[in-house]
Amino acid sequence: MRKTKKIVIGAVSATILATSMSGASSAADYQILRDDNRVHTELLAASLAYLINEACPSIKIRRLKVTGQALSLRSYAKSLGYSGGEVDAYVSDHDEQERFRAIAEAALAEKGVVEGDAASYCTVGRAEIKAGSFAGGMLRGG
């Protein structure tokens, strides 16, 4: 498993599940979470922010902001009928992590990021911050 992926998804899942009830989920159907626009948009934004944070030395994650947004998203996912354990399983699922990583990398590439080029990550990160995007709201610096 790549270090970046561990940071991106691990940090998001740890934050989302900080107050999670214990207990593992059985094989749940996550299609509702996959198809939900808010869940998708916010997890993707978090993935973008963490990839930018990792690659650009002058941009950092706003951890308290991420924590608040993650807890709000967790509560929302529970309102869709999922237990804390099911949310945990979804966010921790290897296939879902790979899916979000691929989507985030493609989105960054569309914005001009070149893998291995820190300056391109910084440029996109600054643009996200300036635009006030959801991902940009999770970042500070420039």
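The values are calculated or read from the model by the stated rules, or taken from the named source; none is laboratory data. Just so we're clear, the structure is a prediction, and the values are computed from it rather than from any experiment. Don't worry about glycine lacking a Cβ; one is built from the backbone with ideal geometry, like all the others, and counts go over all protein chains shown.
Hey, does region 76-88 have a residue that's of a type outside the set (V, I, T) and within 13 Å of the chain's Cα centre (by Cα)? It would help to see each step written out before you state the result.
Narrowing region 76-88 to residues of a type outside the set (V, I, T): 76-86, 88.
After this cut, where a residue has to be within 13 Å of the chain's Cα centre (by Cα) as well, the list is none.
No, there is no match, as no residue in region 76-88 is of a type outside the set (V, I, T) and within 13 Å of the chain's Cα centre (by Cα).
Among the residues making up region 112-142, those that are buried (at least 17 other Cβ atoms within 10 Å of the Cβ) and either of a type in the set (K, R) or outside any helix (DSSP H, G or I) (or both) are V113, R126, M138, L139.
Report yes if some residue within region 115-125 is under 20 Å from Q31 (Cβ atoms) and polar (S, T, N, Q); otherwise report no.
Let us first name the residues in region 115-125 that are under 20 Å from Q31 (Cβ atoms), namely none.
No; the residues of region 115-125 include none that is under 20 Å from Q31 (Cβ atoms) and polar (S, T, N, Q).
Within region 113-126, does at least one residue satisfy the condition of being farther than 15 Å from A46 by Cβ, in contact with a strand residue (DSSP E or B) (Cβ under 7 Å, 6 or more places away or on another chain) and in contact (Cβ under 8 Å) with a residue 12 or more places away in the chain? Yes, region 113-126 contains at least one residue that is farther than 15 Å from A46 by Cβ, in contact with a strand residue (DSSP E or B) (Cβ under 7 Å, 6 or more places away or on another chain) and in contact (Cβ under 8 Å) with a residue 12 or more places away in the chain.
Can A89 be described as assigned to a helix (DSSP H, G or I), under 18 Å from T41 (Cβ atoms), of a type in the set (G, A, S) and touching a Ser or Thr at 6+ places or on another chain (Cβ under 9 Å)? Considered against the rule, which asks whether it is assigned to a helix (DSSP H, G or I), under 18 Å from T41 (Cβ atoms), of a type in the set (G, A, S) and touching a Ser or Thr at 6+ places or on another chain (Cβ under 9 Å), A89 comes out as no. What do you reckon, is R62 in contact (Cβ under 8 Å) with a residue 60 or more places away in the chain, touching a helix residue (DSSP H, G or I) at 6+ places or on another chain (Cβ under 7 Å) and either more than 19 Å from G136 (Cβ to Cβ) or surrounded by 15 or more Cβ atoms within 10 Å (Cβ to Cβ) (or both)? Criteria not met by R62.
Any idea which residue in region 95-111 is surrounded by the fewest Cβ atoms within 10 Å (Cβ to Cβ), counting only those that are touching a residue at least 12 places away in the same chain (Cβ under 8 Å) and of a type outside the set (A, V, I, L, M, F, W, C)? Across region 95-111, the extreme among qualifying residues is E98.
Does A49 meet the test of being in contact with a strand residue (DSSP E or B) (Cβ under 9 Å, 6 or more places away or on another chain) and either among the hydrophobic types (A, V, I, L, M, F, W, C) or at pLDDT 95 or above (or both)? Please lay out each step first, then the result.
Details: in contact with a strand residue (DSSP E or B) (Cβ under 9 Å, 6 or more places away or on another chain): yes; either among the hydrophobic types (A, V, I, L, M, F, W, C) or at pLDDT 95 or above (or both): yes.
Spelling it out, A49 is indeed in contact with a strand residue (DSSP E or B) (Cβ under 9 Å, 6 or more places away or on another chain) and either among the hydrophobic types (A, V, I, L, M, F, W, C) or at pLDDT 95 or above (or both).
Among the residues of region 33-78, those identified as within 26 Å of A118 (Cα to Cα), outside any strand (DSSP E or B) and aliphatic (A, V, I, L, M) are L43, L44, A45, A46, L48, A49, L51, I52, A55, L64, V66.
Does G81 satisfy the criteria of being closer than 30 Å to I32 by Cα, at pLDDT below 95 and not in a helix (DSSP H, G or I)? In short, yes.
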